[in-house]
Amino acid sequence: MVRAVRGSLFFFLNDPGTDTDPAGSYQYYDDGILVLSDDGYIADVGSTTDMRSRYTLTADETIDYSGRLIIPGLIDTHSHYPQSEIIATYGHQLIQWLEKHAFPAEAQFTDKNYASSISRFFLNELLRNGTTTALIFGSVHKISVEALFEEAEKLNMRIIGGKVMMDRNAPQYLLDTPETAYSDSKALIDTWHNKRGRIRYAITPRFAITSSGEQLKAAQRLYHVYDDVYLQTHVSENQDEIAWVKQLFPSSKSYLNVYHDFGLLGPRSVFAHGIHLTDDEFKLLADRNAAIAFCPTSNLFLGSGLFSVDHACLANIRLALGTDIGAGTSFSMLKTMAEAYKVVQLKKASYTAKPEKHTTLTPFKAFYMATLGAARALYLEESIGTLQPGKEGDFIVLNPDATPLLRFRMQKSSSVADRLFAFMMLADDRAIEAVYLMGQRWQNNGA
Ligand code: GUN
Ligand code: ZN
């Protein structure tokens, strides 16, 4: 029985902001021990010397990861599991990509066996990449989310998901109605939300283009009736999309205001992309305590644009990262952080209207956005995102020797900031040596 793990331990206590040396916002033990309770929570954490003076830990109760870096499980705040098989489909931008690739792929999720097998593949990929929590879109079919939740429950993963609501501007075979969207979502909430495993529900209107006003009202009723349910959708990803939304909702002040007008902005609402938001829209998100999922690999792949981390930080919004599978090109949050860094670099070089203050994406900020920052965006910081006592025992072990290049580069690395940066720029699934869910090591049996 594992009671403790030993290695270098790193986690955040607070937002590191954009300082390159944000001492006090994080905890680092070069040689530390994480003690687990019998039910999989973190019982204690500290230096090996301290922990050994307080606990009697026998060799077979302690797993030794000396030389490795142990951090909280990574958190992906935006993805579509039914799009797993269309990752890397050539040649289109958003609207055409949805029509040519995403919609036909999602049509297959009328078949529960199929949905279960894709769910297993998807969750296995998340875990192989060190992602222990994700906010996930299903397809329009209720069974797609049942399949996902059943598989996540077997793994004891902390997963948030929802059935897509869409009643217009998509192929007939994928449309629901305001009534069925409401009743199917409600049934899923009643069965799953805070009821089974570590599952929570997200009301999921796909985006303003595919939901009528009537359907957005149905989403609003669910969001306001149920305690601590989530709401996930897309906003301001692509210029053609924004123009179309303007035609469909001419009386709303902006794209984000469409959602605001239907009462969909608030705590636990997560908006993917937000590339072309105005300062007023960023301010509205901040005022409403809503979050943005920045999805750099998808934004680059679809040519959607460069998200402004500067504006998001200046507005002080809850900001996290998403893979956006299958427009995103990697399940790895490390790779997602690397692309986020490059987007910030490119954005800095391309501003026409310069923001008050420039940031680069420090390694601290990037890891924060994939751990405690994401937990805060999801209002889950009481449970996950750090390695503090009382949190769920979801953590991962990063191997700095995973590839020849990583090993070579790490030899030159003397600070924790530089090690983190090398991991985010150069590492991928090969560096994820072990993954723990509620204190139990996850065994990859394939999927
Ligand atoms: N906007 C509406 N639906 C989608 C989707 O499936 N993927 C992306 N990237 N954007 C969307
Ligand atoms: Zn998406």
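The values are calculated or read from the model by the stated rules, or taken from the named source; none is laboratory data. Predicted model only: the values in this text are computed from it and were never measured. Reconstructed Cβ throughout: ideal geometry from the backbone, glycine too, with neighbour counts over all protein chains shown. Note: accessible area is taken over every heavy atom of the protein model, side chains too, but ligands, DNA and RNA are not part of it. Shrake-Rupley method; radii C 1.70, N 1.55, O 1.52, S 1.80 Å.
Here are the numbers for the structure shown:
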quantity: Segment 339-382: trypsin sites (Lys or Arg not before Pro) in DSSP coil with no more than 13 other Cβ atoms inside 10 Å; calculated: K357
quantity: Estimated [θ] at 222 nm from DSSP helical runs (n ≥ 4, -39500 (n - 2.57)) normalised by residues in the chain, nearest 500; calculated: -10500 deg cm²/dmol
quantity: Hydrodynamic radius by Kirkwood, which averages 1/r over all alpha carbon pairs of segment 248-391, in angstrom; calculated: 15.7 Å
quantity: About the Cα centre, charge dipole magnitude for the chain (Lys/Arg +1, Asp/Glu -1 at Cβ), debye; calculated: 380 debye
quantity: Nearest-0.05 FRET efficiency for E99 and K154, computed from C-beta distance (R0 30 Å); calculated: 0.30
quantity: Segment 334-409: C-alpha pair distances exceeding 17 Å, %; calculated: 62 percent
quantity: Pairwise label distance in nanometres, L248 with Y351, each label 7 Å out on the Cα-Cβ vector; calculated: 3.3 nm
quantity: Pairwise FRET efficiency - R430 versus E214, Cβ, R0 = 56 Å, nearest 0.05; calculated: 0.70
quantity: Rounded to the nearest 10 Å², the accessible area of D280 at probe 1.4 Å; calculated: 110 Å²
quantity: Carbon and sulfur %, accessible surface of the chain computed with the full protein complex present, 1.4 Å; calculated: 47 percent
quantity: With all protein chains modelled, accessible area of F282 [1.4 Å, Å²]; calculated: 10 Å²
quantity: Percent of Cα pairs exceeding the 24 Å cut-off, where the set is segment 1-112; calculated: 52 percent
quantity: Contour excess over end-to-end distance, with Cα ends at N14 and N257 and 0.36 nm allotted per residue; calculated: 84.4 nm
quantity: Accessible area (Å², per residue) of the chain, counting only protein heavy atoms and a probe of 1.4 Å; calculated: 37 Å²
quantity: For the chain, built as a Gaussian network whose Cα springs stay under 10 Å, the top-fluctuating residue of A202, A219, A417; calculated: A417
quantity: Theoretical FRET efficiency, 1/(1+(r/R0)^6), r = Cβ-Cβ of E85 and Y55, R0 60 Å, to 0.05; calculated: 0.80
quantity: Spatially near lysine pairs across segment 330-446, Cα under 27 Å, sequence gap of 8 or more or different chains; calculated: 18
quantity: Extended-chain gain in nm, criterion 0.36 nm per residue less alpha-carbon gap, R196 and K342; calculated: 48.6 nm
quantity: Alpha-carbon radius of gyration plus Dmax, which is the widest Cα pair, for the chain in Å; calculated: 21.2, 68
quantity: Cβ-placed point charges (K, R +1; D, E -1), dipole of segment 303-353 about Cα centre in debye, nearest 20; calculated: 100 debye
quantity: Difference of contour (0.36 nm per residue) and Cα-Cα distance, D39 to D64; calculated: 7.0 nm
quantity: Reciprocal of mean inverse Cα separation for segment 138-238 (Kirkwood radius, Å); calculated: 13.5 Å
quantity: Residue among V397, V225, V140 with the largest mean-square fluctuation in a Gaussian network model of the chain, springs linking Cα atoms under 10 Å; calculated: V225
